[in-house]
1. Among the residues of the stretch 47-88, how many are in contact with a helix residue (DSSP H, G or I) (Cβ under 8 Å, 6 or more places away or on another chain) and among the basic types (Lys, Arg)?
2. Can you report the number of residues in the stretch 24-50 which are closer than 19 Å to residue 148 by Cα and either of a type in the set (D, E, K, R) or modelled with pLDDT under 95 (or both)?
3. Only one of 167, 77, 110, 91 is within 23 Å of residue 43 (Cβ to Cβ), in contact with a Ser or Thr (Cβ under 8 Å, 6 or more places away or on another chain) and among the β-branched types (Val, Ile, Thr); which?
4. Suppose the filter is among the acidic types (Asp, Glu) and in contact (Cβ under 8 Å) with a residue 40 or more places away in the chain; does residue 104 pass it?
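The values are calculated or read from the model by the stated rules, or taken from the named source; none is laboratory data. These figures come from a predicted structure and were not determined experimentally. In this analysis, Cβ positions are derived from the backbone assuming ideal geometry, glycine residues included, and neighbour counts consider all displayed protein chains.
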Amino acid sequence: MKKENLRSELLRSLSALTEDEIQGLSFSLTNQIIKFLKIYPELASQIGAAYLPLKVEIAPVYQVLLHEVPVNLSFPILKDYQMGFAIPEGIPKGGVWLDRPYHEVQPEWIFVPGVGFDLKGGRLGRGKGFYDRFLQHSEALRIGLAWSGQLVNNIPVESHDCHMDFIITEKFCWDVKQQGKF
């Protein structure tokens, strides 16, 4: 299936979720992220990157996550039409991009949203390439976050598409390299 068709199909299934379903999935995803961060405690001392969720997007419940596992989280900023990351001064505010005031950082690991993922680490984004362009020049550990309904057998990838190291859903954590759940 072509990227555009797969993206449309997956976005339709995401759009069909109710607000309550998205909230429930987000809480379950958060519990899996907490489990992941407890398995890899060294990540808690590093600078991580998160995202500000769109209306129809499964995302961590940051208040719960930070209460359970205090981590340094940065959020996306737009600078000269390129994505970067920054730690907010206070509570993170903004739509897709973090509002000022903030200070820029280089994350050591990053939560990557996507429209779809496969278990080989392939990711289908929204089509603008911000994450792929950022990740091409970053050594950050790549952690895809999704609802299990966003997992497909095969994401059509191109040479510029970046792969994930881990994928976390509301049901499990997946190690791409080891090809195993935990």
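1. Adding up the residues that qualify gives 0.
2. 1
3. From the options 167, 77, 110, 91, the qualifying one is 110.
4. So residue 104 fails the test.
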